[in-house]
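Peer 1: Take a look at the following structure, please.
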Amino acid sequence: MAQPLCSRHAMEGTVSGLHKSPHRGSSVEFAEYRQYVPGDDLRRLDWRVLARTDRYYLKEFEAETNLRAYFALDLSGSMQFGSDGSTKLAYAQKLLATLAYLVIRQGDAAGLLGIGSKTVFDLPPRRNPAHLQLLLDSLPTLKSGGGTGLVVGLHELAEMARRRALVIAFSDCFCDVDELMAVLQHLCFERHDVVIFHILDPQEISFKFDRPLRFIDLEGLTSLVTEPSVIRDEYLRHFRQFMETLQKGCREFSIDYRRVLTTDNYETVLADFLIERSRMVANRWCSPSL
């Protein structure tokens, strides 16, 4: 059986499912003890604890619910870049399609948000196989180009998704880092579980160009002809600063940050992601004892 995609946070759904709910209900999984108050259902009273401690405690159990996952895909022009034959957008689409399949296969709901200079595609979360086919058919039609609207699009998503959800963004994060941190904080404030797949091309990290080149701004109209060796050190310094600020912000807000290169084996990337999240969820939801 495939590894399930789990949320680190309690979810609020309309049907029973794999994921913890913030509400207490009737299930077989013990959550915690709570002191009795007049009016509580005596059938939930733990008589063994009463006999042992002469105190009245109720057993509470975890209710389980379904998850809603929003997949946010960056369609800005910089996602067109690819030095190894595969663009960042194509790699992101492959990751997204696999995770969407897994989410709907396990009975949860998946939605898709395509974000260019503005939100250009919005497919609300659904759970049925026909919806999965619609999502997969829509992915290849989404093309990158123009400026980034990632920050605005994620702010809109934070306001639109009223119930707790799993928000997974696929982007190179080439935007103002402070503004990006602000919108990620907004999503966390709304109690969403946030994941960032930070997709980069190896050349963007190494800048190993060995001859004079024309560098074209894929999100604007400007270009620059230069000798890469002249600007390499300054570029790498700014790039390291950008990465450090982004990763520090994600740690501060408990965001699941994943840096991915387009040369990485995508099956390994997904397997590591799913296994690590399952471990985090298992550790987070260990049942307390009296």
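Where a number appears in this text, it was derived from the coordinates with a stated rule and is not lab data. Just so it is clear, the structure is predicted and the values come from calculations on it, not from any experiment. Reconstructed Cβ throughout: ideal geometry from the backbone, glycine too, with neighbour counts over all protein chains shown.
Peer 1: Please give the net charge around GLN203, taking every other residue with its beta carbon less than 13 angstrom from that of GLN203, where Lys and Arg add +1 and Asp and Glu add -1.
Peer 2: -2
Peer 1: Still on this structure: Quick one: among GLY249, GLY114, GLY85, which has the greatest mean-square fluctuation in a GNM of the chain with alpha-carbon springs under 10 angstrom?
Peer 2: Top of the fluctuation ranking is GLY85.
Peer 1: With angles folded into 0 to 90 degrees, how steeply does helix 228-252 sit against the dominant principal axis of the chain? Use alpha carbons for both and round to 10.
Peer 2: For 228-252 against the chain, the angle is about 10 degrees.
Peer 1: Rank by packing, highest mean first: peptides 229-238, 167-176, with packing defined as the count of other Cβ atoms within 10 Å averaged across residues.
Peer 2: 167-176, 229-238
Peer 1: How would you rank 180-189, 69-78, 44-53, highest first, on the average number of other Cβ atoms within 10 Å across their residues?
Peer 2: 69-78, 180-189, 44-53
Peer 1: Here's another thing I want to ask about it. Pick from LEU96, LEU123, LEU200 the residue whose mean-square fluctuation is largest in a GNM of the chain, springs joining Cα atoms under 10 Å.
Peer 2: Top of the fluctuation ranking is LEU123.
Peer 1: I would also like to ask the following. With everything on Cα atoms, drop me the angle between helix 150-160 and the longest principal axis of the chain, reported from 0 to 90° to the nearest 10.
Peer 2: Between the helix axis and the principal axis of the chain, the angle is about 20 degrees.
Peer 1: Another question about this same structure. Can you give the % of DSSP beta bridges in the chain that are antiparallel, to the nearest 5?
Peer 2: Antiparallel bridges make up about 45 percent of those DSSP assigns within the chain.
Peer 1: Let me check I've understood the local charge: for PHE273, count other residues with C-beta under 10 angstrom from its C-beta, Lys and Arg +1, Asp and Glu -1. What total comes out?
Peer 2: Spelling it out: positives minus negatives among the neighbours equals -1.
Peer 1: Select from LEU261, LEU136, LEU213 the residue whose mean-square fluctuation is largest in a Gaussian network model of the chain (Cα-Cα springs shorter than 10 Å).
Peer 2: Highest fluctuation of the listed residues: LEU213.
Peer 1: Quick one: net charge of SER86's neighbours, Cβ under 15 Å, K/R +1, D/E -1?
Peer 2: Cβ neighbours under 15 Å give a net charge of -4.
Peer 1: At 222 nm, what helix-only mean residue ellipticity would the chain give, in deg cm²/dmol to the nearest 500, using -39500 (n - 2.57) for each DSSP H run of four or more?
Peer 2: The helix-only estimate for the chain comes to -12000 deg cm²/dmol at 222 nm.
Peer 1: Let me ask something else about it. Pairs of lysines 8 or more apart, or on different chains, with alpha carbons under 29 Å: count those in the chain, would you?
Peer 2: Lysine pairs, 8 or more places apart or on different chains, close enough: 15.
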